[in-house]
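Bear in mind these aren't lab numbers, they're just calculated from the coordinates by the rules spelled out. Given the structure is predicted, the values throughout are model-derived calculations rather than measurements. Note that we place each Cβ from the backbone using ideal geometry, even for glycine, and neighbour counts take in every protein chain shown.
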Amino acid sequence: MILAQGFLRHILRPRTPSLFANSSVLGDASVLAPSTFSQQTSIDVKTGNGTLMFTRGKRSRGGGETQQKHKMVNMLSLISPRQKQPRRIKLSYEDSLRHRTVHRAWQLVVRTKREERRLELQKQYYKIKHACDELRKTSQVLYESAMEKPSPIRFPMEYRIPTVTPPRRIWDATWKPPAEEKKRRTV
Amino acid sequence: MAGRPHLKPGCSAYLRPFQQQRIQALHTTSPVSKNSISIVHPVHHRIRYKKNQLQPAYKEILNTPKWDTRSHLFKPQYAQQSRLEEHYNTTIAPDLLLANFVHDERVIPGRKRQEWDGSSPYHVNRQKRAPAGSAIETPEIKPRTFKNIPGLKAIWVNAFVREAVRVNQERALPTMVMMQQITGKKPRPVYSKSTVMTWRLRKNMMVGAKVKIQGPDMYQFFATLVEVVLPRIKDFKGVENTSGDMFGNVSFGLEPADVKWFPEVEGNAELWPNLAGLHITFVTGAQTDPEARIMLSALGMPFVGKERLYNVPSFEALEAIDRKKGIKYDY
């Protein structure tokens with residue numbers, strides 16, 4: 001296959017002249033030049049298990065080798081850019097106006113949300129700061145007690161990423177935080 | 001004209017080299033019939049053309065910007081809500097602001113290169129000395145405010161395939177394809193940098209792949225890890241607390257047996273016979289490792305082991321530095 005030949009070669013090409021005798025990247029690979037006149041174009045590739053033969057043109061009934069060949073070709077096609085160019089979107093004048101309007105409206109919504117969040121965080125920060133200043137003026141003992149932080153701070157597992165639908169068991173009245181394991185870890 | 005559709009008909013096929021300009025022409029393979037996007041970028045061949053011989057239709061194609069839907073490079077983003085990103089912005093960020101808050105925090109100086117004291121005449125114009133107590137310069141730790149709340153900036157996924165060295169370079173390809181399916185972005189191959197005969201390693205042979213993901217892809221990958229993959233791993237208690245590069249980047253690894261729990265791999269397990277493990281690095285906006293761990297635990301990543309807390313200079317030490325500079329405090 002031209003696909004395998006060109007793409008594999010490109011990715012596995014030796015970037016500098018090799019020091020070893022067998023400098024062929026693909027092992028003992030014999031590549032027949034693609035010809036418009038021959039019915040079949042084939043490449044032999046040596047793999048760890050044996051030889052893979054990529055053929056374009058007439059199908060040949062193979063044994064267990066064909067499955068491996070298909071897998072390899074399938075994998076290569078996933079990373080190859082061949083036949084993946086999407087169709088260009090052509091909009092009429094009215095459609096392009098609609099698109100532009102919607103796009104700009106959405107960008108405005110996103111920007112507004114971002115600025116709102118930033119403002120909210122700014123207010124929260126200054127509230128915390130002023131509260132601490134006031135507490136220090138009021139009582140040194142309370143201030144020092146408030147400034148103590150747990151080390152390390154960890155958010156619990158129950159603080160999970162919310163899902164669209166609620167969990168099967170919405171509220172567990174008998175829930176207790178899991179007891180911390182005090183196992184000594186062996187290196 | 002055959003072979004040159006971008007040029008006006010009737011112009012000469014012979015193009016003089018020194019009069020040519022380069023453009024990025026379109027990929028000539030047939031496009032897919034459905035409206036779709038591709039993870040793998042199309043190949044753009046650069047061809048030479050004369051500006052005055054360019055057809056008006058092609059001028060229009062080349063001048064549309066990348067973000068325009070009519071461009072051939074357009075890729076839609078945010079077609080759906082990024083769950084983890086929304087959760088971070090609404091819930092986690094304000095909580096992290098409070099968790100990381102330190103009242104009257106001041107800049108903690110990092111280790112910087114030192115000047116020579118001038119005791120010798122040869123100190124003039126000499127290069128600065130290495131930092132005290134460190135081989136490299138460390139950045140200063142700035143006070144934590146609402147402007148520098150740590151968040152996930154990028155995730156690097158990296159794989160080294162040992163079989164590619166031992167057996168065949170092609171053994172690295174399935175892992176590369178797997179990484180593409182998992183992350184949603186095409187990885188770059190990693191080539192070896194040196195030759196070691198004992199390991200049968202040659203320079204510039206493909207030994208693995210790496211990919212950097214950002215944005216919605218990154219959040220999706222993280223959520224999949226935390227909700228689907230890591231809970232299925234046997235005896236996984238969490239990422240080590242000692243993992244980190246000192247400046248807020250945390251790494252951990254997945255064994256080949258663990259990688260198969262990704263939905264893309266689990267769905268068709270027979271297609272993935274030989275897979276390598278992965279190294280995953282979280283690049284965060286945190287200034288220190290403990291801060292990064294707090295943030296990652298909020299996103300759902302468990303941690304295990306003894307925490308390594310760095311030597312942060314005490315208030316008295318910082319005061320002494322200030323006194324030398326002449327700054328005085330009145331309590």
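What is the order of B:Thr284, B:Thr90, fewest Cβ neighbours within 10 Å to most? All intermediate terms of the calculation are to be shown ahead of the outcome.
Working: B:Thr284 24, B:Thr90 13.
Exposure proxy ranking, most exposed first: B:Thr90, B:Thr284.
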Exercise for the section: Take every DSSP beta bridge whose two residues both sit in chain B, then give the antiparallel share in percent to the nearest 5. Expected result: 95
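For B:His44 and B:Arg111 in the same chain, what is the full-extension length gain: residue separation times 0.36 nm, less their Cα-Cα distance, in nm? Could the numbers behind the result be given before it?
Working: separation 67, 0.36 × 67 = 24.12 nm, distance 4.69 nm.
Contour length minus the Cα-Cα distance gives 19.4 nm.
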Exercise for the section: Per residue of the stretch B:89-103, in order, report the coupling 6.51 cos²θ - 1.76 cosθ + 1.60 (Karplus, θ = phi - 60°) as ³J(HN,Hα) in whole Hz, putting x for Gly and Pro. Expected result: 5, 7, 9, 6, 4, x, 5, 5, 4, 6, 5, 8, 5, 10, 6
Exercise for the section: Translational diffusion coefficient, Stokes-Einstein: compute it for the stretch B:218-331 using the Kirkwood radius over C-alpha pairs as Rh, at 10 °C and 1.306 mPa s, and state it as an integer in µm² s⁻¹. Expected result: 94
Problem - Burial ordering of B:Val102, B:Val226, fewest other beta-carbon atoms within 10 Å first - result: B:Val102, B:Val226
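Hey, got a sec? Which trypsin sites (Lys or Arg not before Pro) in the stretch B:143-183 land in a DSSP loop and have at most 16 other Cβ atoms within 10 Å?
Here the trypsin sites (Lys or Arg not before Pro) that fit, given the DSSP loop and packing criteria, are B:Lys147.
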Practice task
Give me the distance in nm between label points sitting 7 Å out from Cα along the Cα-to-Cβ direction at A:Tyr93 and B:Glu270, one decimal.
Solution key: 5.7
Exercise for the section: Filter the cross-link list B:Lys142/B:Lys325; B:Lys153/B:Lys234; A:Lys71/B:Lys186; A:Lys84/B:Lys210; A:Lys149/B:Lys142; B:Lys186/B:Lys260 down to pairs whose alpha-carbon distance in this structure exceeds 26 Å. Expected result: B:Lys153/B:Lys234
Practice task
List the equivalent ellipsoid semi-axes of chain B in whole Å, largest first, each obtained as the square root of 5λ for an eigenvalue λ of the Cα gyration tensor.
Solution key: 46, 31, 25
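Could you list the chymotrypsin sites (Phe, Trp or Tyr not before Pro) in the stretch B:43-145 that lie in coil according to DSSP, counting only those with at most 14 other Cβ atoms within 10 Å of their Cβ? Could you put the intermediate results ahead of the total?
Numbers: sites: B:Tyr49, B:Tyr58, B:Trp67, B:Phe74, B:Tyr78, B:Tyr88, B:Phe101, B:Trp116, B:Tyr122; in loops: B:Trp67, B:Phe74, B:Tyr78, B:Phe101, B:Trp116.
Qualifying residues, ordered by number: B:Trp67, B:Tyr78, B:Trp116.
Quote the Stokes-Einstein diffusion coefficient, in whole µm² s⁻¹, for the stretch B:61-154, based on the Kirkwood radius over alpha carbon pairs, a temperature of 20 °C and a viscosity of 1.002 mPa s.
On the way: Rh = 18.9 Å.
This corresponds to a translational diffusion coefficient of 113 µm²/s.
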Handout entry: Cα convex hull of the stretch B:152-304 - mean projected area over all directions, nm²
Key = 9.5
Problem - Quotient of C-alpha Rg and 2.2 N^0.38 Å, computed over the stretch B:96-201 - result: 1.84
Handout entry: Gain on full stretching of the segment that runs from B:Gln77 to B:Arg188 - 0.36 nm per residue minus C-alpha separation
Key = 37.8 nm
Handout entry: Taking only Cα atoms of the stretch B:168-214, radius of gyration then Dmax in Å
Key = 12.1, 38
Problem - For the stretch B:152-304: relative contact order, % (alpha-carbon pairs under 8 angstrom, 6 or more apart) - result: 30
Problem - A:Val141-B:Glu316 pseudo-label distance in nm [points 7 Å out on the Cα-to-Cβ vector] - result: 2.5
